[in-house]
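**Q** This structure is in C-alpha cells; I'll ask about it shortly.
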Amino acid sequence: MAEPRFAYRDVRVDGDDGPIVEHFSATVARTGLTAVVGPSGAGKSTLLRLLNRLDDPDAGDVSCDGRNVRDYDVLDLRRRVQHVGQVPVTFAGSVADNLAMADPDADADALLERVGLSPALADRRADVLSVGEAQRLSLARALACGPEALLLDEPTSALDTASKGGVEQLIRSLADGGLTVVLVTHEARQATELADAVIEVAARA
Amino acid sequence: MSMMVIAAVEHSSLNISGNISFTDVALALCLVAVAVVVSRIREVGLEGDLLVATFRSFAQLLAIGYVLDYVFRGHGVLTLVVLGVMVGTATITSGRRSRLVPGSYAVAVGAIALAAAGTLGVLTLLGIITTNARAVIPLGSMIISSAMNTTSLVMVRLRDDLAAHRREVEARLSLGQTSHQAAAPWHRTAMRTAMLPTIDQTKVVGLVALPGAMTGMILAGASPLAAIRLQLVVMYMLLGGNAFAALVAGEATLRRLFTRHHQLVRSLRRVPT
C-alpha cells in the first residue's frame with residue numbers, strides 16, 4: 001500500500017470551550033480526491049488547516065509524506081500544500097497581479113485557461129469579478145505556486161448553482177490530473193459524487 | 001531697538017502670567033462652572049466627568065509641581081525616577097487601551113521607553129539640551145505622552161485590521177508569505193494612522209494654533225524668537241519620538257499577533273466576522 005500523503009495521529013485541537021477535535025486519526029491518499037464530511041462545528045476546517053500549518057494541534061501529530069509537518073520549513077510547506085478558503089479572496093490589482101503574487105513569472109493565460117477562465121480577464125480588476133470567477137481565480141493563484149496538494153474548505157458554499165457545478169468539475173479534473181485534493185464539505189451529495197475516499201468527522205459530544 | 005521691544009514684551013508678559021496665585025486659579029474655576037451649566041442645560045450628562053477632571057487636574061498638577069520643585073532644587077538624581085513613573089503610567093494606560101493584543105503591556109513599555117530614551121538620547125548627545133532635570137523632565141514628559149498615544153493607536157488599529165481581514169491575511173500566508181509580508185498593508189496603515197496627527201500638527205504649526213511649549217514660554221516672558229526655537233526642537237523631537245514609538249509598537253505587536261511559525265494567533269482567528 002502506498003504511503004499516504006497526509007496522516008493524522010491521535011490529534012486534539014483545543015477551542016475556547018473545550019476540544020474542537022479529539023483523538024482524531026485518519027489518512028489521506030496520495031492520489032485522488034478525499035472529502036472530509038461532518039456536521040457544522042465538528043472541526044472539519046480546523047483539521048484541514050493543520051495540513052499546511054495554518055494551525056497546529058495541541059496534541060498528537062500530523063505528517064506529510066511520512067514526515068511530521070513541523071519538520072518542514074513552514075513557508076515551503078505552504079507553497080507545496082495550498083489552502084483555498086470558503087470565501088474567495090482577491091487582492092488589490094488586476095487578475096494578473098493576483099497570479100503574480102503567487103509567482104512573479106506565472107503564465108497568467110495558461111493558469112486562467114486551466115481553471116476555466118478566459119485569458120481576456122487577465123487585465124481586469126480582481127475586485128469586480130463575480131463570486132464564481134473569484135473562486136476560480138483563488139484556485140488559479142493556488143495552482144501558480146505549483147502545489148502537490150490542494151486543501152479546499154467548502155469552496156462552493158458561496159456560489160450559485162450554475163457556478164457550483166463548474167467549480168466541482170474543475171476540482172475533480174485537478175484531482176484526475178495528479179494533485180492530492182482534500183475537500184471539506186457539509187454536503188453528502190458533493191462527497192458522494194466527487195470523492196474517491198471519505199473521512200467522516202463526528203459531531204462534538 | 002528690537003532688543004528693547006523684546007525686553008518690553010518680556011516685562012509685560014511677566015506681569016500677566018508670572019505671579020498667578022491660587023486665588024487666581026480658584027477664580028478661573030468660573031469657566032469650569034460655565035461648562036457644567038452648559039452640560040446641565042443641554043442635558044449632555046458630563047457634569048460628573050467635568051468635576052472629576054477638574055479635581056484630578058488640580059491634584060495631579062499640584063503633586064507634580066511639588067515633585068518637580070523638589071527635584072529641581074538639587075535632587076537631579078531623581079530625574080530617572082520621575083521619568084520612570086511617567087513611563088509606567090503611560091504603559092498602564094496604553095496597555096489597557098490595547099488589551100486585546102496579547103502582551104499589550106510589554107509592547108507598550110517597550111515602545112514608550114525606547115521612544116523616550118532614544119529621542120532624549122539623541123537630543124543630549126547632539127548637545128541640543130543638557131542632562132539637567134529642568135530640561136529632561138518636561139521634554140521627556142512630552143515624548144512619553146505622545147508616544148503613549150502613538151503606541152495605543154498602532155496596537156489597536158493593527159489588531160483590529162488583522163482580525164477584520166484575517167481571510168486575506170491567511171490567503172497571503174498560504175502563498176508562502178511571511179507574517180511580516182502578509183500583514184504589510186495593515187502594518188503600513190496602522191503606522192500612518194498613528195504618525196499622521198503629529199505630522200499634520202507640525203505642518204500647520206503657527207497657522208492654526210500656537211503650540212504649548214511656545215505659548216508657555218511667551219506667557220512666562222521669553223522672547224517669541226527664543227520660544228519658536230524651543231518649539232521647533234519640540235516638534236522635531238515629537239516627530240522622531242512618534243516614529244520611533246510607531247516602529248517599535250508595530251514590530252512588537254506583529255510578534256504578538258503571529259506565532260513564530262507565521263500563524264495568526266488563535267484569539268485573532270476566532271473573532272466572529
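Please treat every number below as a calculation from the coordinates, not as lab data. The structure displayed is predicted, hence computed values, not measured ones. FYI the Cβ positions are ideal-geometry reconstructions off the backbone, even for glycines, and counts take in every protein chain you see.
**Q** Provide a whole-number value for the mean count of partner chain Cβ atoms within 10 Å of the Cβ atoms in peptide A:79-86.
**A** If you average over the peptide's residues, the count of other-chain Cβ atoms is 3.
**Q** Here's something else I'd like to know. DSSP beta bridges in segment A:6-200, what fraction antiparallel, as a percent rounded to 5?
**A** DSSP beta bridges in segment A:6-200 are roughly 45 percent antiparallel.
**Q** Can you sort A:THR46, A:THR192, A:THR161, B:THR193 so the residue with the fewest Cβ neighbours within 10 Å comes first?
**A** By the 10 Å Cβ count, ascending: A:THR161, A:THR192, B:THR193, A:THR46.
**Q** Oh, and also: Within segment B:57-143, list the chymotrypsin sites (Phe, Trp or Tyr not before Pro) lying in a DSSP loop whose Cβ has at most 14 other Cβ atoms in a 10 Å radius. Can you show the working numbers first?
**A** Working: sites: B:PHE58, B:TYR66, B:TYR70, B:PHE72, B:TYR105; in loops: none.
Counting only loop positions with at most 14 other Cβ atoms within 10 Å, none of the chymotrypsin sites (Phe, Trp or Tyr not before Pro) in segment B:57-143 qualifies.
**Q** Continuing with the same structure: Test of understanding: in a Gaussian network model of chain B with alpha carbons linked when under 10 Å, which of B:ALA222, B:ALA113, B:ALA194 would top the mean-square fluctuation ranking?
**A** The residue with the greatest mean-square fluctuation here is B:ALA222.
**Q** Mind putting a number on the dipole of chain B about its Cα centre? Charges go on the C-beta only, +1 for Lys and Arg and -1 for Asp and Glu, and I need it in Debye to the nearest 20.
**A** 1200
**Q** Exposure proxy check: B:PHE244, B:PHE55, A:PHE6, A:PHE91 ranked by fewest other beta carbons within 10 Å?
**A** B:PHE55, A:PHE91, B:PHE244, A:PHE6
**Q** Cα axis of helix B:79-97 to longest principal axis of chain B: angle in degrees, 0 to 90, nearest 10?
**A** 50
**Q** Moving on. Whole-Hz ³J(HN,Hα) for each residue in segment A:50-58, computed from phi via Karplus 6.51 cos²θ - 1.76 cosθ + 1.60 with θ = phi - 60°, x for glycine and proline: what do you get?
**A** 6, 6, 10, 6, 6, 8, 10, x, 7
**Q** For segment B:146-171 and segment B:182-224, compute the distance between their C-alpha centroids and round to whole Å.
**A** 22
**Q** Would you compute, from DSSP H runs of 4+ residues alone, the mean residue ellipticity of the protein assembly as shown at 222 nm, taking -39500 (n - 2.57) per run and dividing by the full residue count, rounded to the nearest 500? Mind dumping the intermediate values first?
**A** Numbers: 18 runs with 281 residues, N = 478.
Mean residue ellipticity at 222 nm (helix-derived): -19500 deg cm²/dmol.
**Q** Just to be sure I understand: with springs between alpha-carbon atoms less than 10 Å apart, which residue in B:SER98, B:SER152, B:SER174 has the highest mean-square fluctuation in the Gaussian network model of chain B?
**A** Sorting by GNM fluctuation, first place goes to B:SER174.
**Q** With chain B treated as a Gaussian network of Cα nodes joined by springs under 10 Å, which of B:LEU100, B:LEU46, B:LEU162 yields the largest mean-square fluctuation?
**A** B:LEU46
**Q** Next question. What's the magnitude of the charge dipole for chain A around its Cα centre, counting Lys and Arg as +1 and Asp and Glu as -1 at the beta-carbon? Answer in Debye, nearest 20. Walk me through the numbers before you get to the answer.
**A** Values: 21 positive and 33 negative charges, 39 e Å.
Charge dipole, chain A, about its Cα centre: 180 debye, nearest 20.
**Q** Taking a ≥ b ≥ c as the square roots of the Cα gyration tensor eigenvalues, with a/c under 1.5 meaning rounded and otherwise prolate when a/b beats b/c, else oblate, which class fits segment A:6-200?
**A** Prolate shape, in that a/c is at least 1.5 and a/b is the bigger ratio.
**Q** Follow-up question, since we're still on this one. Roughly what angle does helix B:179-203 make with the longest principal axis of chain B, taking Cα atoms, 0 to 90 degrees, to the nearest 10?
**A** 20
**Q** List the residue ranges in chain A for DSSP H helices whose C-alpha atoms run 30 angstrom or more along the long axis and whose Kyte-Doolittle average is -0.5 or above. Don't skip to the answer; put the middle values down first.
**A** On the way: long enough: none.
Counting only whole DSSP H runs, no helix qualifies.
**Q** Which of rounded, prolate or oblate describes chain B when judged by the alpha-carbon gyration tensor and an a/c cut-off of 1.5?
**A** Judged from the Cα gyration tensor, chain B comes out prolate (a/c at least 1.5, a/b above b/c).
**Q** A further question on this structure: So what's the gap between the Cα centers of segment A:64-127 and segment B:74-140, to the nearest angstrom?
**A** Spelled out, the Cα-based centre of one part sits 46 Å from the other.
**Q** Considering only the other residues whose Cβ falls under 14 Å of the Cβ of A:VAL74, what net charge follows from Lys and Arg at +1 and Asp and Glu at -1?
**A** +3
**Q** Moving on. Select from B:ILE20, B:LEU219, B:LEU257 the residue farthest towards the positive end of the dipole of chain B; place +1 on Cβ of Lys and Arg, -1 on Cβ of Asp and Glu, and compute about the Cα centre.
**A** Checking the options against the dipole of chain B, the answer is B:LEU257.
**Q** Follow-up question, since we're still on this one. Amide H of B:ILE129: which non-local residues (sequence gap of 5 or more, or other chain) have their own amide H closer than 5 Å, using H built in the peptide plane?
**A** Here B:THR124 satisfy the definition.
**Q** Using a 7 Å offset from Cα along Cα-Cβ at B:VAL233, what residues in segment B:110-129 end up with backbone N under 13 Å from the label point?
**A** B:120-129
**Q** Here's something else I'd like to know. Pairing the Cα long axis of helix B:47-72 with the longest principal axis of chain B, what angle in degrees results, from 0 to 90 and rounded to the nearest 10?
**A** Once rounded, the angle reads 70 degrees.
**Q** Quick query: amide H of A:ALA59 versus all other amide H atoms, modeled in the peptide plane; which residues come in under 5 Å with a sequence gap of 5 or more or a different chain?
**A** Here A:ARG12 satisfy the definition.
**Q** In peptide B:172-182, how many Cβ atoms from other protein chains are near each Cβ within 10 Å, on average?
**A** Values: counts 3, 7, 18, 13, 13, 5, 2, 0, 0, 2, 0.
Neighbouring Cβ atoms belonging to other protein chains average 6 per residue here.
**Q** Determine, for B:THR91, B:THR119, the number of other Cβ atoms within 10 Å of each Cβ, and report the residues in order from fewest to most. If you can, show how the numbers build up before the last one.
**A** Values: B:THR91 23, B:THR119 27.
Placing the least packed residue first, the sequence is B:THR91, B:THR119.
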